[in-house]
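S.K.: Here it is: the structure, laid out below.
The values are calculated or read from the model by the stated rules, or taken from the named source; none is laboratory data. Nothing here was measured: the structure is a model prediction, and the numbers come from that model. Reconstructed Cβ throughout: ideal geometry from the backbone, glycine too, with neighbour counts over all protein chains shown. When the accessible area is computed, the model is the full protein with side chains, heavy atoms only, and any ligands, DNA or RNA have been set aside. Shrake-Rupley method; radii C 1.70, N 1.55, O 1.52, S 1.80 Å.
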2 protein chains.
Amino acid sequence: MKTLVIGANGKIGRQLCELAARGGIPLRAMIRDSDQQPWFHEHGIETVIADLEGDMRQAFYACDQVIFTAGSGPHTGADKTLLIDLYGAIRAVDRAVEVGLERFIMVSALRASDPLAAPEKLRPYLAAKFAADAYLRCARIPHVILKPGRLTDEPATRQVATSLSHAETNEVSRGNVAHALLYLAQARMLKNREFDLLDGQSSIAMALL
Amino acid sequence: MKTLVIGANGKIGRQLCELAARGGIPLRAMIRDSDQQPWFHEHGIETVIADLEGDMRQAFYACDQVIFTAGSGPHTGADKTLLIDLYGAIRAVDRAVEVGLERFIMVSALRASDPLAAPEKLRPYLAAKFAADAYLRCARIPHVILKPGRLTDEPATRQVATSLSHAETNEVSRGNVAHALLYLAQARMLKNREFDLLDGQSSIAMALL
């Protein structure tokens with residue numbers, strides 16, 4: 001069971017890859033250029049070089065599922081939100097369907113299901129995530145959609161909540177997201193499920209039941 | 001058979017409304033504020049005030065179908081492309097499904113099915129149109145998707161083509177788009193169809209067969 005990680009060089013992606021390597025869980029890191037390779041090879045992680053805006057079909061071969069944790073980030077404009085967070089995700093879903101993968105695990109965002117309820121500044125980004133999630137739900141591939149709250153760099157506690165009403169915060173550490181993704185990668189029975197994710201008081205296995 | 005026109009105050013929208021009024025075809029123009037009303041009332045066109053980023057449910061009542069020809073236009077940023085061209089369209093589709101309308105006619109764009117094949121500058125906009133079209137295809141409502149080429153203000157010839165290979169240009173006049181939409185509004189047998197639209201040599205009824 002090999003997992004392709006799209007966005008492997010991001011902050012969540014690297015933590016996820018490192019955890020998987022440590023646990024002996026097979027994974028292929030999709031990265032954009034060879035400058036990013038040494039870190040992965042030092043950690044014993046297989047890489048493939050491909051671009052969300054380019055041809056990426058070969059990256060998917062001989063994988064069983066994909067985790068999409070790519071994002072254009074807060075320092076680029078909404079143009080890149082459209083091309084990466086929205087259309088890059090759409091293209092990844094299309095490739096996964098074409099190649100016949102078993103499952104697509106999408107990192108979305110808290111409140112992506114209701115962008116206009118969020119603060120104005122966040123709405124365009126959440127609209128992109130809404131549409132990418134909708135595209136995945138409609139595609140012919142089983143999916144899991146994980147919707148983390150505001151991301152922090154706090155240490156991973158591995159204690160989470162999946163509902164704002166059970167959480168004391170609207171935040172979640174990137175480490176906890178990485179642990180949740182590692183769990184989801186192995187929880188093959190989870191199909192067509194969606195979870196919010198916040199720092200909380202439950203173990204990941206209990207929260208993502 | 002009443003048609004709700006979303007984006008009625010745009011350049012295509014106004015021409016469409018005027019043609020419909022002249023032909024006695026029932027239509028309701030959705031506009032953003034009361035300053036826009038006088039022009040419509042002078043032409044005998046029913047209006048409803050609603051906003052794609054606000055509550056617009058009442059605009060849909062007692063209509064049978066919707067034409068979506070709204071767009072944030074070239075003078076706003078990609079933020080508005082996400083909120084209007086993408087998420088506004090998505091919300092309109094959701095309302096149309098909820099209210100149980102018979103058909104959704106979407107004005108998309110030439111090459112929306114392959115954004116990365118277009119010049120770089122156009123790609124973010126086409127990615128938004130791709131995702132809006134995909135959302136509509138997946139929704140529980142019959143649809144028609146019209147994909148005009150580069151829009152001009154040339155006079156309407158009512159002569160069009162639906163394939164680049166049959167057209168002498170990649171352009172189409174807004175007047176020809178308005179005439180095509182008026183035809184589609186009345187061509188109730190057309191469901192789950194998609195057409196490119198360019199200036200050409202065929203009558204609209206022959207081209208949109």
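S.K.: Name the residues in the stretch B:159-209 that are modelled with pLDDT under 95 and open to solvent by less than 40 Å² (accessible area, probe 1.4 Å), would you?
M.R.: If the condition is that a residue be modelled with pLDDT under 95 and open to solvent by less than 40 Å² (accessible area, probe 1.4 Å), then B:SER163, B:ALA167 are the ones that fit.
S.K.: Ok, one more. Name the residue, out of B:GLY77, B:GLY88, that is over 15 Å from the mean Cα position of the chain (by Cα) and of a type outside the set (A, V, I, L, M). Walk me through it before giving the result.
M.R.: Values: B:GLY88 fails: over 15 Å from the mean Cα position of the chain (by Cα).
Just a single option satisfies the conditions, and that option is B:GLY77.
S.K.: Still on this structure, please answer the following. Go through (1) out of contact with any strand residue (DSSP E or B) (no Cβ under 6 Å at 6 or more places or on another chain); (2) farther than 22 Å from A:ALA92 by Cβ one by one and return the number of the condition B:LEU86 breaks.
M.R.: It fails just one condition, (2).
S.K.: Please verify whether the stretch A:73-92 includes one or more residues that are away from chain B (no Cβ under 14 Å), at pLDDT below 95 and not in a helix (DSSP H, G or I). Steps first, please.
M.R.: Step one: filter the stretch A:73-92 for residues away from chain B (no Cβ under 14 Å), giving A:73, A:75.
Filter once more, keeping what is at pLDDT below 95: A:73, A:75.
Restricting the remaining residues to those that are not in a helix (DSSP H, G or I) gives A:73, A:75.
Scanning the stretch A:73-92, I find at least one residue that is away from chain B (no Cβ under 14 Å), at pLDDT below 95 and not in a helix (DSSP H, G or I), so the answer is yes.
S.K.: What do you reckon, is A:GLN37 under 16 Å from the mean Cα position of the chain (by Cα), at pLDDT 95 or above, open to solvent by 30 Å² or more (accessible area, probe 1.4 Å) and not basic (Lys, Arg)? Walk me through it before giving the result.
M.R.: On the way: under 16 Å from the mean Cα position of the chain (by Cα): no; at pLDDT 95 or above: yes; open to solvent by 30 Å² or more (accessible area, probe 1.4 Å): yes; not basic (Lys, Arg): yes.
No, not satisfied.
S.K.: Taking the stretch B:99-124 as the search range and keeping residues that are of a type outside the set (S, T, N, Q) and within 15 Å of the chain's Cα centre (by Cα), which one is nearest to the other protein chains (Cβ to nearest Cβ)?
M.R.: At the first step, the residues of the stretch B:99-124 found to be of a type outside the set (S, T, N, Q) are B:99-107, B:109-112, B:114-124.
Subsequent filtering for residues that are within 15 Å of the chain's Cα centre (by Cα) retains B:103-107, B:109-110, B:112.
Values: B:ARG103: 19, B:PHE104: 15, B:ILE105: 20, B:MET106: 14, B:VAL107: 18, B:ALA109: 14, B:LEU110: 17, B:ALA112: 11 Å.
Per the criteria, the residue is B:ALA112.
S.K.: Scan the stretch A:125-158 for residues that are open to solvent by 70 Å² or more (accessible area, probe 1.4 Å), more than 14 Å from every other protein chain (Cβ to nearest Cβ) and not basic (Lys, Arg) and jot them down.
M.R.: So the first thing to find is which residues in the stretch A:125-158 are open to solvent by 70 Å² or more (accessible area, probe 1.4 Å), and the list is A:125, A:137, A:140, A:150, A:153-155, A:157-158.
The next check asks that each one be more than 14 Å from every other protein chain (Cβ to nearest Cβ); those that pass are A:150, A:153-155, A:157-158.
The answer is A:ASP153, A:GLU154, A:PRO155, A:THR157.
S.K.: Answer with yes or no whether A:GLU120 is farther than 24 Å from A:TYR87 by Cα and open to solvent by 10 Å² or more (accessible area, probe 1.4 Å).
M.R.: On the way: farther than 24 Å from A:TYR87 by Cα: no; open to solvent by 10 Å² or more (accessible area, probe 1.4 Å): yes.
No; evaluated as a whole, the condition is false for this residue.
S.K.: Take the stretch A:1-44 and flag every residue that is part of a strand (DSSP E or B) and not small (Gly, Ala, Ser). Talk me through it step by step, then tell me what you get.
M.R.: Within the stretch A:1-44, the first condition is being part of a strand (DSSP E or B), and the residues that meet it are A:3-6, A:27-31.
A:THR3, A:LEU4, A:VAL5, A:ILE6, A:LEU27, A:ARG28, A:MET30, A:ILE31, listed by residue number.
S.K.: A further question on this structure: Restricting to the stretch A:154-180, name every residue that is farther than 17 Å from A:MET206 by Cβ, outside any strand (DSSP E or B) and within 16 Å of the chain's Cα centre (by Cα).
M.R.: Hits for the stretch A:154-180 are A:ARG174, A:GLY175, A:ALA178.
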